[in-house]
1. Within the set of pairs 6+ apart or on separate chains, which have a first residue in region B:280-303 that is in contact (Cβ under 8 Å) with a residue 60 or more places away in the chain, a second that is charged (D, E, K, R), and C-beta atoms under 8 Å apart?
2. Of all residues in region A:43-99 being aliphatic (A, V, I, L, M), part of a loop (DSSP other than H, G, I, E, B) and in contact (Cβ under 8 Å) with a residue 40 or more places away in the chain, which is farthest from the other protein chains (Cβ to nearest Cβ)?
3. Kindly provide the set of residues from region A:205-250 that are in a helix (DSSP H, G or I) and within 14 Å of another protein chain (Cβ to nearest Cβ), ordered by number.
4. Are there any pairs, at least 6 apart or on different chains, whose C-beta atoms fall under 8 Å, with the first in region B:224-247 and under 16 Å from B:SER189 (Cβ atoms) and the second of a type in the set (D, E, K, R) and surrounded by fewer than 18 Cβ atoms within 10 Å (Cβ to Cβ), and if so, which?
5. Give the number of residues within region B:79-125 that are of a type in the set (Val, Ile, Thr) and more than 20 Å from B:ALA174 (Cβ to Cβ).
6. Tell me the residue from B:ILE270, B:ILE266 that is under 20 Å from B:PHE56 (Cα atoms), among the aliphatic types (A, V, I, L, M), crowded, with 21+ Cβ neighbours inside 10 Å and modelled with pLDDT of 90 or more, please.
Amino acid sequence: MTKQVFLTGLLALGTAVALPAAETINAAGATFPGPIYQKWFEEYHKAHPDVQINYQAIGSGGGIRQLTEGTVDFGASDMPMTDEQIKDVVTKRHFKPLHFPTVLGGIVPTYNVAGVNTELKFSGETLAGIFLGDITKWNDAAIKKDNPGVNLPNEDITVAHRSDSSGTSFVFTDYLSKVSPKWKSKVGANTSVNWPVGLGGKGNEGVAGLVKQTPNSIGYVELIYAVQNKMGYGSVKNAAGNFVKADFNTVTEAAAGAAQNMPDDFRVSITSAAGKNAYPISTFTWLLIPDKIENAAKKKAITEFLKWMMAAGQGDAQGLSYAPLPKTVVSKEEKQVALIK
Amino acid sequence: MAAPPQSRARKFVKLLVNGDQVSHLVTLLFAGSVFLVTVMLVYQLWIHSEPSRGKFGFSFLWKQVWDPVTGEFGAWPFIYGTVVTSIVALLISVPLGVGAAIFLAELAPPRLSNACTFLVELLAAVPSVIYGLLALFTLVPLMRSYIEPFLKKTLGFLPWFTGPAYGLGYLTAALILAIMTFPFIISISRESLLAVPREQREAALALGATQWESTWKVVVPYARLGIIGSVFLALARALGETMAVTMVIGNNTSVHASLLAPGYTIAAVIANEFTEATDAVHLSSLVELGLVLFGLTMVLNAMAQLLILATTGKGSKRD
């Protein structure tokens, strides 16, 4: 505790010397939106030199923990906070964290199958079967059914998953829980789960490395990682029964599909969303903002930033391979800004 | 009249230089810091693992489940993986390292010995993440395509070499640990072999021993303590190694007899899950794993100590 005070003091001192007039705001959390948050905070600082937001991409769990301990001004997370976590913040910090969706991401299945160069299609049940260890061969009837005409080899499937806890795993397991009752009862959804089969790789790069190196393997990575590294990936069957390949449009459509029944606190999973072209393994990522900010200057800076993020900021999303928010979500979010007191 | 300040200062300096009591006190304080750090470490681990200790008790040690969804945690797969990889690593690196040290200290021409020693010290300074990447991109494909199929073909009747050859697993992790620990063993063992007085060798040779007999029966036992020290350092590094191991062990929470199967170690699971653990029991279970690793290191060190005492009682002793 004393160390934290000391460090914060040091930090405050350092910034005070460098930027005498700036309002310094500290934030921490999810790694997945880290690149766009860095860009946003930098751009916002250029446009508003009096506001400096420091963001530490330490992971969603770390962001929630630091918000609860009061060591940051706001947090960020790839999974919505649970009721219990919110209650914890309310008792410890006397404010309620509000969820603000910022951008969207998708999770894609990536594979390396000997002799298969075409793009493979997966239904949710098949993916669950593979990751449960029920489907063990590439020429299993279930995979063949999704991919008529593809010559699949009679080889064992090697499954690769994330070994580190991550929002990516949460979204993927959340999707499998929705489409497979067996997955839901046997494994469930979380940032890290008890994987029935497979090898664990650290980070997107770890899973991608395993898949690339291991013949006849399958894994899952974030869409932006696959796009940036020019990896091939398969399409997934959505709730409407269509096989959809993940891109910015299909991910945004998943959010639009979910927007109609969006709860007022934005804590919603958009996996397996309705919509003809909705990509089923999509997710929001959220900023966690306190609903009571006592420092008036900080409150003004944070609310102004949120408004900027929903308007001008969204334009940066696609350049960094994130899907922008649908308009319906933005207009709903604008109303939530007024709740910050 | 009081003594002039100059002489008082000189007196103080004299006390510092010659003073046994002062030096005793100062060094005692320094040594005490080791004790202090250890106590604080254990205290912190103990306090922060309370929710997990309270919920699972001692069954934490032998339970095989690690399920963050249902909140059930057991340490056994990680303890098993840590012990197996470390022991296999030492089985490879100790004979290799001590053998190389004997050659470099006793048999090699000095110029070659110095050149090799320089290389060894260079190896010891390579960061573990570099070893991990090297293992992932070169050792793993090699293991999967050649070494593991070969082991399965020749030794497949043993339970340790069965199952699919993924290239990742206990054996690959143990190999990279062996590569990482053996520079330590060579470097420290060589130093202690070189510290053996010349008279010891000359006496053995005068009694009619061959050069190898004098090395193996006189010099090595004399340098025993230093060599044991190097093994302990290697063991400590193997038990606690995180980055390189987590990249090649496969990170799978099941327990397999086969060395080719994927597994997990304590340090690897802490590194993988600590940043995102939000649930109090999950977090404190990870802290308790740290406590378990601490205990495991003590137990293994004590066992290694006993084993070495029992097997190397012979030969001339320093003390």
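The values are calculated or read from the model by the stated rules, or taken from the named source; none is laboratory data. No experiment lies behind these values; they were computed from the predicted model shown. Heads up, the Cβs are rebuilt from the backbone with ideal geometry, glycines too, and the neighbour counts pull from every protein chain shown.
1. B:VAL281/B:LYS55; B:HIS282/B:GLU273; B:SER284/B:GLU50; B:SER284/B:ARG53; B:GLU288/B:ARG53
2. Going through region A:43-99, the residues aliphatic (A, V, I, L, M) turn out to be A:47, A:51, A:53, A:57-58, A:64, A:67, A:72, A:76, A:79, A:81, A:86, A:89-90, A:98.
Those still in the list that are part of a loop (DSSP other than H, G, I, E, B) too: A:58, A:72, A:79, A:81.
From what's left, in contact (Cβ under 8 Å) with a residue 40 or more places away in the chain: A:72, A:79, A:81.
Values: A:VAL72: 15, A:MET79: 9, A:MET81: 9 Å.
Once the filter is applied, the top-ranked residue is A:VAL72.
3. Taking region A:205-250 as the starting set, the residues that turn out to be in a helix (DSSP H, G or I) are A:205-213, A:223-228, A:248-250.
Across region A:205-250, the qualifying residues are A:GLU205, A:GLY206, A:VAL207, A:ALA208, A:GLY209, A:LEU210, A:VAL211, A:LYS212, A:GLN213.
4. Partner pairs satisfying both residue conditions: B:ARG224/B:LYS317; B:ARG224/B:ARG318; B:LEU225/B:ARG318; B:GLY226/B:GLU191.
5. Qualifying residue count for the region: 3.
6. On the way: B:ILE270 fails: crowded, with 21+ Cβ neighbours inside 10 Å.
Just a single option satisfies the conditions, and that option is B:ILE266.
Condition check ((1) touching a residue at least 12 places away in the same chain (Cβ under 8 Å); (2) within 18 Å of A:PHE131 (Cβ to Cβ)) across all residues:
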{"site": "A:PRO181", "(1), (2)": "no, yes"}
{"site": "A:LYS184", "(1), (2)": "no, yes"}
{"site": "A:GLY203", "(1), (2)": "yes, no"}
{"site": "A:SER217", "(1), (2)": "yes, yes"}
{"site": "A:LEU223", "(1), (2)": "yes, no"}
{"site": "A:MET231", "(1), (2)": "yes, no"}
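Conditions (1) assigned by TED's automatic domain parsing to the domain that holds A:ALA246; (2) of a type in the set (Phe, Trp, Tyr); (3) at positive phi, marked per residue:
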| position | (1), (2), (3) |
| --- | --- |
| A:GLY70 | no, no, yes |
| A:ASP73 | no, no, no |
| A:ALA76 | no, no, no |
| A:MET81 | no, no, no |
| A:GLU84 | no, no, no |
| A:VAL90 | no, no, no |
| A:PHE95 | no, yes, no |
| A:LEU98 | no, no, no |
